[in-house]
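J.: Let me give you the structure first, and then I'll get to my questions.
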Amino acid sequence: MESVSRPSSLSARLLDRVPVLGQILQRPLGALGFVIVLVFVVVTIFAPLIAPYDPAKQDFKNLLTPPSRVHILGTDYVGRDTFSRIVYGARVAVEAAFPAVSIALFFGLLLGMLAGYTGGWVDGAILILVDSIHAFPMMILALVMVALLGPSLTNVVIIIAFAMIPGYARVTRAQVLSVKENDFVEAELNLGASTARIIVRHVLPNILGPLVILAAMDLPGVITFEAALSFLGLGVQPPTPSWGSILSDGFRNIFITPWPIVASGLTLMVTTLGFTLFGETLRDVIDPRLSGTKGI
């Protein structure tokens with residue numbers, strides 16, 4: 001029996017010491033997602049070095065040209081290099097997705113902790129607020145807010161963050177209610193610990209895991225939603241390149257050349273797939289109990 005139990009216990013100890021990233025890379029889909037995300041980050045950081053042309057530079061001598069040695073993905077209807085615009089469009093995706101998710105996570109965390117820890121009428125009021133926001137379809141809410149604020153990248157971030165706050169607030173509230181029932185919280189209260197100490201030392205460390213997983217899995221959806229708003233002309237405005245606006249411009253000239261649509265569509269598809277695979281694998285590694293479940 002000892003000879004059988006030792007290897008299993010040894011492998012368990014080794015697995016416990018493997019970092020989260022190492023466990024992600026051990027899974028084929030997780031490794032694929034990580035590679036795609038890594039390429040996306042590198043392209044975003046080094047866009048000026050990767051893009052061969054200024055993404056806003058127009059060349060009226062080369063309109064809607066097919067891929068060539070000069071323009072590897074062709075040009076659009078005003079002669080702008082499609083590859084350069086795709087590369088710089090990654091920056092727009094980052095500038096929209098990461099701030100929006102961070103803002104939603106921050107305010108959702110505050111509201112959820114206030115509701116879950118305080119309880120009573122405060123909990124009821126916050127639930128009514130977040131449920132009222134959540135009741136509106138995200139696109140309808142975006143249309144209303146764009147009409148009030150106007151189309152721009154900053155307003156896209158505000159719109160997406162505002163629409164996502166209820167999700168984070170409800171998940172945070174549920175986690176806080178669960179943590180509050182633990183014996184160690186009651187012991188701290190009996191010993192006279194302050195509310196701030198309990199929240200910082202016990203509540204936050206136990207609820208951040210699911211929230212980080214939720215944020216990672218929300219990123220591809222935010223990237224897609226920003227592209228959808230830009231496609232409709234409600235997001236990033238010309239001449240700033242966005243994958244959605246590149247798609248929109250391509251559809252206007254689809255019978256002349258399909259390359260802007262193919263390039264931006266495939267880029268958007270692969271990027272969101274990479275973030276989705278990475279986020280799902282991160283979820284399975286950090287908390288396997290959440291596998292197959294959806295956000296509250």
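The values are calculated or read from the model by the stated rules, or taken from the named source; none is laboratory data. Predicted, not measured: the structure shown is a model, and the values here were computed from it. Neighbour counts run over all protein chains shown; Cβ positions are idealised from the backbone, glycine included.
J.: So Ala196 passes all but one of these: (1) at pLDDT 80 or above; (2) exposed (fewer than 15 other Cβ atoms within 10 Å of the Cβ); (3) part of a helix (DSSP H, G or I). Which condition number does it fail?
T.: Ala196 satisfies every listed condition except (1).
Residue by residue, here is whether (1) more than 21 Å from the chain's Cα centre (by Cα); (2) touching a residue at least 60 places away in the same chain (Cβ under 8 Å) holds:
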residue: Gly116; (1), (2): yes, yes
residue: Gly120; (1), (2): yes, no
residue: Leu127; (1), (2): yes, no
residue: Pro137; (1), (2): no, no
residue: Ile140; (1), (2): no, no
residue: Leu148; (1), (2): yes, no
residue: Ser152; (1), (2): no, yes
residue: Ala161; (1), (2): no, yes
residue: Asn182; (1), (2): yes, no
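J.: Is it true that Phe107 is under 17 Å from the mean Cα position of the chain (by Cα), modelled with pLDDT of 85 or more and farther than 30 Å from Phe255 by Cα?
T.: On the way: under 17 Å from the mean Cα position of the chain (by Cα): yes; modelled with pLDDT of 85 or more: yes; farther than 30 Å from Phe255 by Cα: yes.
Yes: the conditions hold for Phe107.
J.: If you check Gly279, Gly265, which single one turns out to be in a helix (DSSP H, G or I), of a type in the set (Gly, Ala, Ser) and surrounded by fewer than 19 Cβ atoms within 10 Å (Cβ to Cβ)? Full working, then the answer.
T.: On the way: Gly279 fails: surrounded by fewer than 19 Cβ atoms within 10 Å (Cβ to Cβ).
Gly265 is the lone residue from the list that is in a helix (DSSP H, G or I), of a type in the set (Gly, Ala, Ser) and surrounded by fewer than 19 Cβ atoms within 10 Å (Cβ to Cβ).
J.: Here is a follow-up. Within the set of pairs 6+ apart or on separate chains, which have a first residue in the range 70-86 that is at negative phi and part of a strand (DSSP E or B), a second that is charged (D, E, K, R) and surrounded by fewer than 17 Cβ atoms within 10 Å (Cβ to Cβ), and C-beta atoms under 7 Å apart?
T.: What qualifies is Thr75/Asp59.
J.: Of the conditions (1) over 30 Å from Ala161 (Cα atoms); (2) crowded, with 16+ Cβ neighbours inside 10 Å, Phe83 satisfies every one except a single condition; which number is it?
T.: If we test Phe83 against (1) over 30 Å from Ala161 (Cα atoms); (2) crowded, with 16+ Cβ neighbours inside 10 Å, just (1) comes out false.
J.: How about the range 86-108: which of its residues are within 30 Å of Lys180 (Cα to Cα) and either among the charged types (D, E, K, R) or surrounded by 22 or more Cβ atoms within 10 Å (Cβ to Cβ) (or both)?
T.: Ala100, Val101, Ala104, Leu105, Gly108
J.: Continuing with this model, one more query. If you go through the range 117-132 one residue at a time, how many are under 15 Å from Ile165 (Cα atoms) and crowded, with 16+ Cβ neighbours inside 10 Å?
T.: Residues meeting the conditions: 3.
J.: Also, I was wondering about something else. Consider only pairs whose beta carbons are under 8 Å apart and that are at least six residues apart or on different chains; among these, list those whose first residue lies in the range 210-231 and is closer than 12 Å to Gly167 by Cβ and crowded, with 24+ Cβ neighbours inside 10 Å and whose second residue is at pLDDT 90 or above and aromatic (Phe, Trp, Tyr).
T.: Leu214/Tyr168
J.: If Phe46 satisfies every condition in (1) surrounded by 15 or more Cβ atoms within 10 Å (Cβ to Cβ); (2) farther than 25 Å from Gly250 by Cα but one, which is the exception?
T.: Single failed check for Phe46: (1).
J.: Right, Gly244: crowded, with 22+ Cβ neighbours inside 10 Å and free of Cβ contacts under 8 Å to residues at least 60 places away in the same chain or not? Working first, answer last.
T.: Details: crowded, with 22+ Cβ neighbours inside 10 Å: yes; free of Cβ contacts under 8 Å to residues at least 60 places away in the same chain: yes.
Spelling it out, Gly244 is indeed crowded, with 22+ Cβ neighbours inside 10 Å and free of Cβ contacts under 8 Å to residues at least 60 places away in the same chain.
J.: Another question, then. From the list Ile103, Ile126, Ile140, Ile165, pick out the single residue that is farther than 30 Å from Arg197 by Cβ, β-branched (Val, Ile, Thr) and either touching a Pro at 6+ places or on another chain (Cβ under 8 Å) or in a helix (DSSP H, G or I) (or both).
T.: Values: Ile103 fails: farther than 30 Å from Arg197 by Cβ; Ile126 fails: farther than 30 Å from Arg197 by Cβ; Ile165 fails: farther than 30 Å from Arg197 by Cβ.
When all the criteria are applied, what remains is Ile140.
J.: Hey, can you tell me all the residues within the range 250-280 that are within 18 Å of Ile36 (Cα to Cα) and of a type in the set (Gly, Ala, Ser)?
T.: Ala263, Ser264, Gly265, Gly274, Gly279
J.: Every residue in the range 44-77 that is under 17 Å from Gly244 (Cα atoms) and touching a Leu at 6+ places or on another chain (Cβ under 9 Å), please.
T.: Quick first cut of the range 44-77, residues under 17 Å from Gly244 (Cα atoms) only: 44, 55-56, 73, 75-77.
Scanning the range 44-77 gives Thr75, Asp76, Tyr77.
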